[in-house]
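Colleague: Here it is, the structure, as structure tokens.
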Amino acid sequence: MRLSPHPPVKSVVQRNWNESSCRYGLLFLLIMRSSLPVVFLCLTSGFLASSFKLMSDQWSKLILTHHWPETFCIKEQCSTDLNYWTLHGLWPNKGAMCNSSWHFNASQIQDLMPEMEKYWPDLLSKGPTISTAFWKHEWVKHGTCAASLEALDSEHKYFSKALELYQKLDLNGTLRKANIIPRKTNYTLEQIEGAIINHYAVRPKIQCIQEQGEEAQILGQIEICFNREFQLMNCENNEYDNWYILNDVLPSDLYTSGYHVCDQSSPVFYPPLQSKK
């Protein structure tokens, strides 16, 4: 049975209330000869609401984001025993939190959970069902926007497609085959980027973190992009593209704060797994 998106009841009610309020406010203030501020506010709110809806409906790119657990734990002072690239998310390049009434329901992806726990874990959490809160965040923030595409219009479709693309790409195997492996000596960014371009024939977006006092930047995230037909395409490679502004720099998003597009002129450290005492 195909699960269809919930109707955006909240947004419809809010839009209707806003339109009615603006109409009556304009009428009243026209009579009172002080209409200009309300005219401006009503027009502005209508423009912003329309612009947000347009952007969420018209995303053109999906970004499959991998992160390296050891770098994440250097950044967040945690520990990990994972020595493979894990999923961070599958993100449309436009829109965020597109349907607040469409809540996450873990029971709809019960059959996917063993695979998700392995390849899409919450690196900060421990214990049973460790990643549910993380997956909820990814669904509410990104999945509800991706769901404007029929192939992604349910929780199960969204998460299963992300896993499918992750397995199909096999970034871990691709880097190993090019002899790009975690080590104590540095790489150039060109070496890492070149290995990915040679294999997939598209340009990735590679992000690093910078530890204070260290010359080398630390390899943190690798993003590989797809169009709406799930065909590979080039990623943008600057800090300020639409996706970065709308989807990746929220102060409350611990997972994405601190990453930046790697500097071509600086060495890149691909950290090996630290031995646990």
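The values are calculated or read from the model by the stated rules, or taken from the named source; none is laboratory data. Treat the numbers as computed from the prediction; the structure is a model and nothing was measured. Note: ideal-geometry Cβ built from the backbone for every residue, glycine included; neighbour counts use all protein chains shown.
Colleague: Within region 149-168, can one find any residue that is at pLDDT below 95, under 24 Å from Gly220 (Cβ atoms) and over 17 Å from the mean Cα position of the chain (by Cα)? Don't jump to the end; show me each part of the working.
Modeller: Looking only at region 149-168, we keep the residues that are at pLDDT below 95, and these are none.
The answer is no; no qualifying residue exists.
Colleague: Scanning for something at pLDDT 95 or above, in contact with a Leu (Cβ under 7 Å, 6 or more places away or on another chain), in the same structural domain as Ala146 (by TED's automatic domain parsing) and outside any loop (DSSP other than H, G, I, E, B), does region 228-236 turn up at least one residue?
Modeller: no
Colleague: Identify the residue in region 169-207 that is over 24 Å from Ser266 (Cβ atoms) and free of Cβ contacts under 8 Å to residues at least 12 places away in the same chain and, among all such residues, is nearest to the chain's Cα centre (by Cα).
Modeller: Going through the qualifying residues, I end up with Asp170.
Colleague: Please work out if Leu112 is touching a helix residue (DSSP H, G or I) at 6+ places or on another chain (Cβ under 7 Å), part of a helix (DSSP H, G or I) and either closer than 15 Å to Ser160 by Cα or among the basic types (Lys, Arg) (or both).
Modeller: Details: touching a helix residue (DSSP H, G or I) at 6+ places or on another chain (Cβ under 7 Å): yes; part of a helix (DSSP H, G or I): yes; either closer than 15 Å to Ser160 by Cα or among the basic types (Lys, Arg) (or both): yes.
Criteria met by Leu112.
Colleague: Is there a residue in region 121-131 that is polar (S, T, N, Q), under 26 Å from Glu236 (Cβ atoms) and either loosely packed, with under 13 Cβ neighbours inside 10 Å or modelled with pLDDT of 95 or more (or both)? Full working, then the answer.
Modeller: Let us first name the residues in region 121-131 that are polar (S, T, N, Q), namely 125, 129, 131.
If we keep only those that are under 26 Å from Glu236 (Cβ atoms) too, we end up with none.
No; the residues of region 121-131 include none that is polar (S, T, N, Q), under 26 Å from Glu236 (Cβ atoms) and either loosely packed, with under 13 Cβ neighbours inside 10 Å or modelled with pLDDT of 95 or more (or both).
Colleague: What number of residues within region 213-227 are over 15 Å from Asn186 (Cβ atoms) and in a loop (DSSP other than H, G, I, E, B)?
Modeller: Filtering region 213-227 for residues over 15 Å from Asn186 (Cβ atoms) gives 213, 221-227.
Pick out the ones that are also in a loop (DSSP other than H, G, I, E, B) and you get 213, 227.
Total satisfying the criteria: 2.
Colleague: Next question, about the same structure. Would you tally the residues in region 144-156 being assigned to a helix (DSSP H, G or I), touching a residue at least 24 places away in the same chain (Cβ under 8 Å) and of a type outside the set (Ser, Thr, Tyr)?
Modeller: Counting residues in region 144-156 that are assigned to a helix (DSSP H, G or I), touching a residue at least 24 places away in the same chain (Cβ under 8 Å) and of a type outside the set (Ser, Thr, Tyr) gives 5.
Listed here are the residues, each with its yes/no results for (1) surrounded by fewer than 16 Cβ atoms within 10 Å (Cβ to Cβ); (2) among the polar types (S, T, N, Q).
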residue: Leu82; (1), (2): no, no
residue: Thr86; (1), (2): no, yes
residue: Pro92; (1), (2): no, no
residue: Lys118; (1), (2): yes, no
residue: Glu138; (1), (2): no, no
residue: Ala147; (1), (2): no, no
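Colleague: Is region 121-139 home to any residue that is under 27 Å from Ala201 (Cβ atoms), touching a residue at least 24 places away in the same chain (Cβ under 8 Å) and either outside any helix (DSSP H, G or I) or in contact with a Leu (Cβ under 9 Å, 6 or more places away or on another chain) (or both)?
Modeller: Narrowing region 121-139 to residues under 27 Å from Ala201 (Cβ atoms): none.
The answer is no, given that none of the residues of region 121-139 is under 27 Å from Ala201 (Cβ atoms), touching a residue at least 24 places away in the same chain (Cβ under 8 Å) and either outside any helix (DSSP H, G or I) or in contact with a Leu (Cβ under 9 Å, 6 or more places away or on another chain) (or both).
Colleague: Checking Lys53 against (1) modelled with pLDDT of 90 or more; (2) out of contact with any Gly (no Cβ under 8 Å at 6 or more places or on another chain); (3) not β-branched (Val, Ile, Thr): exactly one of these is not met. Which one?
Modeller: Unmet for Lys53, out of (1) modelled with pLDDT of 90 or more; (2) out of contact with any Gly (no Cβ under 8 Å at 6 or more places or on another chain); (3) not β-branched (Val, Ile, Thr): (1).
Colleague: While we're on this one: Go over the candidates Arg203, Arg176 one by one and state the one that is modelled with pLDDT of 95 or more, in contact with an Asp or Glu (Cβ under 8 Å, 6 or more places away or on another chain) and either exposed (fewer than 14 other Cβ atoms within 10 Å of the Cβ) or within 19 Å of His67 (Cβ to Cβ) (or both). Walk me through it before giving the result.
Modeller: Numbers: Arg176 fails: in contact with an Asp or Glu (Cβ under 8 Å, 6 or more places away or on another chain).
The unique qualifying residue is Arg203.
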